[in-house]
1. Scan the range 1-34 residue by residue and report those that are in contact (Cβ under 8 Å) with a residue 40 or more places away in the chain, exposed (fewer than 12 other Cβ atoms within 10 Å of the Cβ) and either farther than 17 Å from residue 76 by Cβ or not aliphatic (A, V, I, L, M) (or both).
2. Looking at this structure, is residue 19 touching a helix residue (DSSP H, G or I) at 6+ places or on another chain (Cβ under 9 Å) and of a type in the set (S, T, N, Q)?
3. Looking at the range 35-50 only, could you name the residues that are surrounded by 15 or more Cβ atoms within 10 Å (Cβ to Cβ) and more than 13 Å from residue 91 (Cβ to Cβ)?
4. I need the full set of residues from the range 1-43 which are of a type in the set (D, E, K, R) and either in contact with a strand residue (DSSP E or B) (Cβ under 8 Å, 6 or more places away or on another chain) or over 22 Å from residue 57 (Cα atoms) (or both), in order please.
5. Can you confirm whether the range 12-29 contains a residue that is under 19 Å from residue 80 (Cα atoms), of a type outside the set (Phe, Trp, Tyr) and part of a loop (DSSP other than H, G, I, E, B)?
6. Can you name every residue in the range 47-94 that is of a type in the set (S, T, N, Q), under 13 Å from residue 24 (Cβ atoms) and under 11 Å from the mean Cα position of the chain (by Cα)?
7. Go through the range 22-36 and report how many residues are aromatic (Phe, Trp, Tyr) and within 19 Å of residue 64 (Cα to Cα).
8. When residues of the range 54-94 are filtered for being of a type in the set (Ser, Thr, Tyr), touching a residue at least 40 places away in the same chain (Cβ under 8 Å) and part of a strand (DSSP E or B), how many remain?
Amino acid sequence: MNIATFQELVGQEFKVTFSEEHEYMLTLAKVFEGNPIPELELEPYTLEFIGDVDSPVYSQGSFVVNHEKLGDMTLFLIPRQPDKNGIYYDCIVS
């Protein structure tokens, strides 16, 4: 998977398993391109997910994220301050 894979999925839902009892749908809101690090052959990017404003905020951590096209993957999600639109989580990929 690379940045192009996720750019095609902006606006689509991903099921995140925060715990055995808590699964929530997050929408991939944006994909941000980072600054390449040529000496390490890295092309980082950030995935910004948004969840329902009424869902609980979870601490940062690694969670199983599922998309119907991509299947299961483990992503490290970092919560951001919620606003009137919802709860945001970022995932930095490098």
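Read-outs throughout are calculated quantities, based only on the coordinates presented, and are distinct from any laboratory measurement. Please read all numbers here as calculations on a predicted model, not as lab measurements. Because the Cβ atoms are built from the backbone with ideal geometry, glycine has one as well, and the counts that use them run over all protein chains shown.
1. 2, the sole residue that qualifies.
2. Values: touching a helix residue (DSSP H, G or I) at 6+ places or on another chain (Cβ under 9 Å): no; of a type in the set (S, T, N, Q): yes.
For residue 19, the condition - touching a helix residue (DSSP H, G or I) at 6+ places or on another chain (Cβ under 9 Å) and of a type in the set (S, T, N, Q) - is not met.
3. Here is the first cut: in the range 35-50, the residues surrounded by 15 or more Cβ atoms within 10 Å (Cβ to Cβ) are 43-50.
Within the range 35-50, 43 is the sole residue that qualifies.
4. Correct list: 8, 13, 15, 23, 30, 33, 39, 41, 43.
5. Taking every residue of the range 12-29 in turn, none turns out to be under 19 Å from residue 80 (Cα atoms), of a type outside the set (Phe, Trp, Tyr) and part of a loop (DSSP other than H, G, I, E, B).
6. Once the filter is applied, which keeps residues that are of a type in the set (S, T, N, Q), under 13 Å from residue 24 (Cβ atoms) and under 11 Å from the mean Cα position of the chain (by Cα), the range 47-94 yields only 66.
7. Residues meeting the conditions: 1.
8. So the first thing to find is which residues in the range 54-94 are of a type in the set (Ser, Thr, Tyr), and the list is 55, 58-59, 62, 74, 88-89, 94.
With the extra rule that they be touching a residue at least 40 places away in the same chain (Cβ under 8 Å), the set shrinks to 58, 88-89, 94.
From what is left, the residues that are part of a strand (DSSP E or B) are 88-89.
Summing the residues that are of a type in the set (Ser, Thr, Tyr), touching a residue at least 40 places away in the same chain (Cβ under 8 Å) and part of a strand (DSSP E or B) in the range 54-94 gives 2.
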